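Written out below as structure tokens is the structure these notes cover.
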Amino acid sequence: MAGNSPLRRLAPIYLLLILRNTAWSLSVSGPVLPLYVRSLGVEIVDWGLLATAHAVGLIVFEGLWGTVSDRVDRRWMLVAAVLCMGLVFPLYTLHALVPWFFALQFAIGAFACAVGPTTRAIVADTAHADSKGFYMGLWFAFFILGSTIGPVLGTYVSETWGYEYAFHASSILLLATAVVFSLSFRNGGLDGLRPVRRGPHLREALGALLANPSVRLAFVLAVTIFMGISAVRSFLPIYASERLGMSDVAIGAMVAVSSATQLVATPLAGRLSDRLGERRLIAAGLAGLTVLYAVYSVVGDPMGLVAVTVGVSALLSVCSLTLALLSKTAPRELSGTAMGVYGCFEDLGLIVGPVIYGYIWNAYRPPDIFLASAIASAIGLLFLTRIRDSA
């Protein structure tokens with residue numbers, strides 16, 4: 001492999017992404033946290049608000065971190081973000097802080113979102129124009145690899161030793177990640193991943209991005225996609241436990257299998273999009289998601305739930321393609337800002353989704369949250385028809 005090949009240069013970034021997301025999904029973003037707060041007596045509506053507080057932390061800071069990443073050494077920015085996350089995780093184990101869990105959720109979201117736009121911008125700046133779909137697909141694949149490992153470890157640790165140990169394990173792993181990633185700085189190995197120039201301030205950069213119709217529609221599309229993701233991420237573990245009687249380990253295994261499916265499908269979708277175009281594959285994925293979200297509402301047994309979840313995960317591989325589309329239309333000097341603002345719209349879907357689904361769960365029937373997800377996916381498909389294929 002050539003020394004300056006994109007894959008070789010991006011290897012430390014992908015490694016950091018695996019380790020960070022393993023730690024994150026081991027406790028806070030996986031099935032452990034909703035099951036943990038329910039064991040503490042937190043009501044479903046309050047859990048929806050906690051999930052929203054997490055998303056608010058993401059949306060408030062993601063655009064800011066994206067702009068900052070265009071102006072500073074991205075390597076040390078990633079180290080700082082990982083270290084700050086590692087310091088917050090143990091606070092979840094202090095029962096006296098339960099009334100302050102909203103603040104913890106906001107804080108962990110604020111620190112976690114620095115990693116996403118920064119690593120995405122690095123990938124966008126490093127990959128060649130004719131292979132952005134593949135390398136952005138790899139970004140999602142390595143992100144998902146952590147999501148595959150984390151829930152298995154988290155549910156095993158929580159069921160064997162207790163929920164609190166899962167949060168301590170997350171902290172230890174993140175502190176180790178900061179050390180390992182810092183070692184990759186030796187001999188200037190990541191010098192080529194520094195920003196090329198100082199970008200404009202957030203307000204000017206945002207105005208330049210929103211002036212592009214394709215960029216605007218890509219941002220709106222992110223909202224509808226992540227509303228569906230929020231139903232699977234925040235409510236499916238509780239649904240599987242309380243409605244279908246699945247154990248913590250069984251839920252963790254379901255999440256791991258579905259994540260492994262998405263892990264395989266995402267780079268394949270990215271490679272295929274480089275040949276067929278992003279819009280066509282995204283349309284097929286959203287159409288399939290509309291159907292499968294609706295099927296969730298009628299599934300009555302654990303095996304059926306697992307089968308539908310695996311199918312949903314395979315179709316969610318199209319998420320990476322909206323990033324590839326965005327990276328081709330946004331100016332290179334605004335790559336960090338574009339990825340950060342896109343992440344804000346992802347977070348908006350994570351904010352709106354739990355609020356709506358928590359209300360539907362209590363006011364109507366729990367299965368109806370998946371019908372709402374199907375509607376959001378169908379709306380996203382309508383928006384997609386207005387996006388022109390990028391060159």
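A few remarks follow.
- Where labels lie 7 Å past Cα in the beta-carbon direction, separation of Leu7 and Leu244 in nm: 3.6 nm
- Ranked by how many other Cβ atoms sit within 10 Å of their own Cβ, fewest first, the residues Ile351, Ile375, Ile238 fall in the order Ile375, Ile238, Ile351.
- Whole-number D in µm²/s for the range 216-294 (Stokes-Einstein; Kirkwood sum over Cα pairs; 20 °C, 1.002 mPa s): 148 µm²/s
- Inter-label distance for Tyr165 and Val60, nm, one decimal - labels placed 7 Å from Cα along Cα-to-Cβ: 3.5 nm
- The chain, dipole about Cα centre (Lys/Arg Cβ +1, Asp/Glu Cβ -1), debye to the nearest 20: 1180 debye
- Distance in nm between pseudo-label sites at Arg275 and Tyr156 (7 Å out along the Cβ direction from Cα): 3.7 nm
- Note on the chain: helix-only mean residue ellipticity at 222 nm, from DSSP H runs of 4+ residues weighted -39500 (n - 2.57) and normalised by residue number, equals -25500 deg cm²/dmol.
Since every read-out is calculated from the coordinates, none of them should be taken as a lab result. Just so it is clear, the model here is predicted, and its values are computed rather than measured. No Cβ is skipped: glycine too gets one built from the backbone with ideal geometry, and neighbour counts run over all protein chains shown.
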